[in-house]
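Student: Just passing along the structure, written as structure tokens.
The values are calculated or read from the model by the stated rules, or taken from the named source; none is laboratory data. The model shown is predicted, which means the values in this text are computed figures rather than measured ones. FYI the Cβ positions are ideal-geometry reconstructions off the backbone, even for glycines, and counts take in every protein chain you see.
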Amino acid sequence: MEHRTSPARPPDPGHERRTKGPAPPPPPSWRNWLIFLGIALTILLLLRPSMNGTTPETLTYSQFLDDVRGDKVQTATIDANGGVVGQLTDGTGYRSQIPVALQDNTVAPLLDQHHVQVTGQGPASATVLSVILSLLPLLLFVGLFIFLGRRAGRQLAGGLGALTGSRAKLYDAEKPTTRFSDVAGYEGAKQEVAEVVDFLRHPNRYSKVGAIGPKGVLMVGPPGTGKTLMARAVAGEAGVPFFSVTGSSFIEIFVGVGASRVRDLFVEARKRAPAIVFIDEIDAIGARRGGAIVSNDEREQTLNQLLAEMDGFDPSAGVVVMAATNRPETLDPALLRPGRFDRQVEIPLPNLKERTAILAVHAKGKKLGPDVDLRVVARGTPGFSGADLANLLNEAAIVAVRAHRDTVTADDFDEARDRILLGRRDASNALLSEEKQAVAVHEAGHALVAVLSEHADPVSKVTILPAGQALGVTQQLPVDERHLYPESYLQDSLAIRMGGRAAEQLVVGEVSTGASNDLAGATQLATRMVVEFGMSPELGPVGFSGDGPAYLGQQEIRSRQYAEATQRVIDQEVERLLKEANERAMTLLSDHRVALDKVAALLLERETIDGSDVMAAAGMQPESLPAPRVLGEALAHRADGRA
């Protein structure tokens, strides 16, 4: 069965509040009022003429003289430049312009003759004030645009300082609240990082002996195992500020930006020392140099700056760098040498005891029914990470809500596991009568071969209910956590995978596309037995496994490390293993044909049976098997209908 890991990380029990630090002091509140004051003054200046009652009428020089001769002008004020403003007899304001040379000889006698009240002649300096007042709205608008532009630059791009500055987040200005007690399991990893806590708490103890505390701790492991949570627990135990930043946040399109951010990050960390700097997904900037055909100057400069900062800062400064990655094999060797990342702490997938503890942590706040045994649930989830277990509990709670219940039962966990491992069960995906019979025979073949194989894991559940892309599933539950897989166990696994196809060939008379997933899994397992495990007498004790831990799976395209003749031998040995497994499955099912028919009939009748039913059909005494609802490990055999 392919375990579908969830990308979500376990929720943080502490719910730390995230703030940026140190935050700059806020600007004075009166600055914000300047904008509104400027807008108000501008509006008043623009509307000032109309607020006097009427809008002044502009008259030409000839119209002005005609109105004076017609006794229509009541008042007039003339400035030194010939500008004249005033009021007509009907109360309307006016403005006009007269030639300066004609003011005294022509206009003044005419105004006096028609009894126009001349209120005075404005000085030349008054024109400067009028010019300033006329330009004031424009100046206010220009100032407003400059202010808004600068503010938008700081918010959107952060200006040049924010572009090059550190983007690290400081979890709680004082200290994180996460402790080791909030991290379920992983006692060995906690002991590894406990010395980091002791160094941050008591640096003088190390300096007296002449010892230097660890500068860097690299945590490696599969996704979702709680590497970030462990780093925050270290900071919480030590009671120091915790700077968290992702490796990808250093990289920009501009060369030198990442290096500048690294410098700013360590400068800020030294100011708050003792402190912890945590870089998540460090492989984004710490990948091996020189491995690509086209070099990335920005990434390499960022890595060089990180190397210089880790090797150059004062050991007594109390700054410890912690990092996490899923791909330690891709990191640059200079990053892993002593003096930089002194220690590598592996955070593996949790074992049975740790899974039980993790489930207990995530079960807080959820009402569990009396039939729920978290240890039984943990037994049925080998290969699950902490994030997967958190997702399992959440899915089980959703199932309970969907059923209009506020208590999570064991059946909810069963359905949630089916949903995670197999996919959603669709009632509309009903099988035809002949398809249902073929799937029942197929799954009966898997289950019966598993029961009859000496080294195989016990059968937990067999179902022909379609879920996701699987038309039927045979699930096996390991009794104990396995760390080594002997050759006999792997050979039994191959036979179990071929059991469905062999049953179809024996009962139906022909094979179907339902065995495609089984064949793919069996071929992959047989190839690893030959290429990696050295289990081929013809090829000998030779292994061509990939370098480094494959936390993300065998997804990388690797170049072939052997000759064409060796590849031919590998193909022949894989073919031999698969044919032997198929023949063994055919022999077992032929010798127990009656049991095969009984199991297929039970599946057609009930649609879901457990391992004890299969053993009873085979005439075997059922041993103390795990609960039927518990899901199994990686040996779930599907009839998925794919060619």
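Student: Do we find a residue being surrounded by 18 or more Cβ atoms within 10 Å (Cβ to Cβ), closer than 22 Å to Val479 by Cα and outside the structural domain of Asp182 (by TED's automatic domain parsing) anywhere in the stretch 424-442?
Tutor: Looking for residues that are surrounded by 18 or more Cβ atoms within 10 Å (Cβ to Cβ), closer than 22 Å to Val479 by Cα and outside the structural domain of Asp182 (by TED's automatic domain parsing), one finds none in the stretch 424-442, hence no.
Student: Are any residues in the stretch 290-316 closer than 30 Å to Gly226 by Cβ and either in contact with a strand residue (DSSP E or B) (Cβ under 9 Å, 6 or more places away or on another chain) or modelled with pLDDT of 65 or more (or both), and if so, which ones? Outline the logic, then answer.
Tutor: As a first pass, look at the stretch 290-316 and keep what is closer than 30 Å to Gly226 by Cβ: 291, 299, 302-303, 305-307, 309-311, 313, 315.
Hits for the stretch 290-316 are Arg299, Thr302, Leu303, Gln305, Leu306, Leu307, Glu309, Met310, Asp311, Phe313.
Student: Just to be sure, is Thr55 at pLDDT below 85 and not in a helix (DSSP H, G or I)? Even if it seems obvious, please write down each step before you answer.
Tutor: Working: at pLDDT below 85: yes; not in a helix (DSSP H, G or I): yes.
Considered against the rule, which asks whether it is at pLDDT below 85 and not in a helix (DSSP H, G or I), Thr55 comes out as yes.
Student: What's the number of the only condition in (1) at pLDDT 85 or above; (2) touching a Gly at 6+ places or on another chain (Cβ under 7 Å); (3) farther than 14 Å from Ile279 by Cβ that Ala334 fails to meet?
Tutor: Just one mismatch for Ala334, condition (2).
Student: If I ask for residues that are buried (at least 23 other Cβ atoms within 10 Å of the Cβ) and polar (S, T, N, Q), which ones from the stretch 218-242 would you list?
Tutor: Thr225
Student: When you go through (1) out of contact with any strand residue (DSSP E or B) (no Cβ under 7 Å at 6 or more places or on another chain); (2) within 30 Å of Arg289 (Cα to Cα) one by one for Lys364, which number turns out not to apply?
Tutor: (2)
Student: Take the conditions closer than 30 Å to Gly386 by Cα, at pLDDT 75 or above, in contact with a Phe, Trp or Tyr (Cβ under 7 Å, 6 or more places away or on another chain) and not in a helix (DSSP H, G or I) and apply them to Pro214. Does it pass? Break it down into steps so the answer makes sense when it comes.
Tutor: Numbers: closer than 30 Å to Gly386 by Cα: yes; at pLDDT 75 or above: yes; in contact with a Phe, Trp or Tyr (Cβ under 7 Å, 6 or more places away or on another chain): yes; not in a helix (DSSP H, G or I): yes.
The answer is yes for Pro214.
Per-residue answers, yes or no, for (1) buried (at least 20 other Cβ atoms within 10 Å of the Cβ); (2) more than 30 Å from Ile212 (Cβ to Cβ):
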site: Asp342; (1), (2): no, no
site: His362; (1), (2): yes, yes
site: Val376; (1), (2): no, yes
site: Leu392; (1), (2): yes, yes
site: Thr409; (1), (2): no, yes
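Student: So is Asp406 out of contact with any strand residue (DSSP E or B) (no Cβ under 8 Å at 6 or more places or on another chain) and either assigned by TED's automatic domain parsing to the domain that holds Asp371 or not in a helix (DSSP H, G or I) (or both) or not?
Tutor: Working: out of contact with any strand residue (DSSP E or B) (no Cβ under 8 Å at 6 or more places or on another chain): yes; either assigned by TED's automatic domain parsing to the domain that holds Asp371 or not in a helix (DSSP H, G or I) (or both): yes.
Criteria met by Asp406.
Student: Name every residue in the stretch 336-358 that is free of Cβ contacts under 8 Å to residues at least 60 places away in the same chain and part of a helix (DSSP H, G or I), in order of residue number.
Tutor: Let us first name the residues in the stretch 336-358 that are free of Cβ contacts under 8 Å to residues at least 60 places away in the same chain, namely 337-338, 356.
Residue satisfying the conditions is Thr356 alone.
Student: Still on this model: Looking at the stretch 445-490, which of the residues that are assigned to a helix (DSSP H, G or I) and touching a His at 6+ places or on another chain (Cβ under 8 Å) is surrounded by the fewest Cβ atoms within 10 Å (Cβ to Cβ)? First the steps, then the outcome.
Tutor: If we filter the stretch 445-490 for residues that are assigned to a helix (DSSP H, G or I), which is where we start, we get 445-452, 487-490.
Next cut, touching a His at 6+ places or on another chain (Cβ under 8 Å) only: 446, 448, 452, 488-489.
Numbers: His446: 34, Leu448: 30, Leu452: 23, Ser488: 12, Tyr489: 15.
Per the criteria, the residue is Ser488.
Student: Answer with yes or no whether Val197 is of a type outside the set (Phe, Trp, Tyr) and closer than 30 Å to Gln301 by Cα.
Tutor: On the way: of a type outside the set (Phe, Trp, Tyr): yes; closer than 30 Å to Gln301 by Cα: no.
No; evaluated as a whole, the condition is false for this residue.
Student: Next question. Kindly provide the set of residues from the stretch 248-263 that are at pLDDT below 80, within 28 Å of Thr177 (Cβ to Cβ) and either crowded, with 23+ Cβ neighbours inside 10 Å or touching a Lys or Arg at 6+ places or on another chain (Cβ under 9 Å) (or both), ordered by number.
Tutor: Passing the criteria: Ser249, Phe250.
Student: Of the residues Ala627, Ala601, Ala581, which single one is crowded, with 17+ Cβ neighbours inside 10 Å, of a type outside the set (D, E, K, R) and modelled with pLDDT of 85 or more?
Tutor: Unique residue meeting the criteria: Ala581.
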